[in-house]
Amino acid sequence: MTAQETIDYIRTLAMTALDGAGSLEDIVAWERAFLGAKGEVTLFLRGLASLPADQRPIAGRGGNALKTELTAAWEARHAALSAGALDRRLAGDAIDVTLPGRPPIFGASHPVSQMIDELSEIFALLGFQTVFGPEIETAHYNFDVLNIPKDHPARDVWDTFYVDLPGEIVLRTHTSPMQGRVMEQTEPPVRVVVPGRVYRYEAQDASHEWMLHQLEGLAVDRTITMADLKGTLAEMARQLFGSERKTRFRCDFFPFVEPGVDFAVDCAICGGAGCRVCKGTGWLEMGGAGMVHPNVLRAVGYDPDIYSGFAFGLGIERLAMMRSGVDDVRAFAGNDLRFLRQFARAA
């Protein structure tokens, strides 16, 4: 076979294969087979030295012309296949602009956060300022300032989470440590509420959690009495639950108040008939309260002969349960979106 016949054969073979290439992968394989380093055209040009001397010029010109022709044909076919692939991809990704849009998903405040905001607004109307304090607290503020001595049962490791740090460091068991911190930095009169997380080493049930949210309240001034405390909490309950709810104050003991009371509201879950949440009593305790103990006033430099005050600690989850009719406090920390979406407010 002469050089010209070889060129014609390679052209025919290449063009037939190129016409049959139906994808970009086929085009890549075709280029490698005919124009690549080991392709048919390349091997032909490398073999020119073995041809008779009179055929080399013709074969060289014909071989280079073939390479140029096949390269142009490959580029045209590659462009056509690329355009077709792009058209198919765009058709598959097309968006029908006449379809209704997808509504965006908005987040919402957690029901506990909503309750904190609402309580802060209620107490602001009653003259209280909202402040915040640290969750990792020293025993000095968590216990000592609050008239809880070192041998008190509340300091037992079975009731309190201790942090492995130098000194007596705890996860605060109540928001009451802010009583000492606020009074040390403030001259009377004092009226503050302190919302935040607290930690108790106790078993979980329908009305108890090991981590909960509490709202501390403190008022100190001249001539404050128990009647001021009862009136403040009763008004809070009226604004939060409505005038149909009943409130109850019973004597109780807390080291940092004297006298002390527990503050309860008739159970909204069962209407006072008795259920597992109120343990069959018809009442759900919202928290403890009382007149600030004289020892607490002395610990922060206040004269108990001049100043008096009241303090209270309310369980925020308990208030949220009563407000919304939730019968298990653990639902607030369960992260079940079906439950939480019920509290989403309209944007």
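When Ala85, Ala124, Ala79 are screened for being assigned to a helix (DSSP H, G or I), farther than 30 Å from Ala234 by Cβ, over 27 Å from the mean Cα position of the chain (by Cα) and at pLDDT 85 or above, only Ala79 passes. Sort through Val97, Val112 and tell me the only one that's β-branched (Val, Ile, Thr) and modelled with pLDDT of 85 or more. Sole residue among the options that is β-branched (Val, Ile, Thr) and modelled with pLDDT of 85 or more: Val112.
Of the residues Thr223, Thr232, the single one that is assigned to a loop (DSSP other than H, G, I, E, B), more than 30 Å from the chain's Cα centre (by Cα) and either farther than 25 Å from Phe143 by Cβ or modelled with pLDDT under 90 (or both) is Thr223. Report whether or not Gly315 is at pLDDT 90 or above, touching a strand residue (DSSP E or B) at 6+ places or on another chain (Cβ under 6 Å) and either β-branched (Val, Ile, Thr) or within 23 Å of Arg197 (Cβ to Cβ) (or both). For Gly315, the condition - at pLDDT 90 or above, touching a strand residue (DSSP E or B) at 6+ places or on another chain (Cβ under 6 Å) and either β-branched (Val, Ile, Thr) or within 23 Å of Arg197 (Cβ to Cβ) (or both) - is met. Just wondering, is there one or more residues in region 321-332 that are over 33 Å from the mean Cα position of the chain (by Cα), surrounded by fewer than 21 Cβ atoms within 10 Å (Cβ to Cβ), acidic (Asp, Glu) and not in a strand (DSSP E or B)? Looking through region 321-332, none of the residues is over 33 Å from the mean Cα position of the chain (by Cα), surrounded by fewer than 21 Cβ atoms within 10 Å (Cβ to Cβ), acidic (Asp, Glu) and not in a strand (DSSP E or B). Selection within region 128-137: residues that are in a strand (DSSP E or B) and surrounded by fewer than 17 Cβ atoms within 10 Å (Cβ to Cβ). The member of this set that is farthest from the chain's Cα centre (by Cα) is Gln129. If you check Val131, Val112, Val145 for being aliphatic (A, V, I, L, M) and closer than 19 Å to Phe256 by Cα, only one passes: Val145.
The values are calculated or read from the model by the stated rules, or taken from the named source; none is laboratory data. Since the structure is predicted, the reported quantities are computational estimates derived from the model, not experimental observations. Virtual Cβ from ideal backbone geometry, glycine too; neighbours counted across all protein chains shown.
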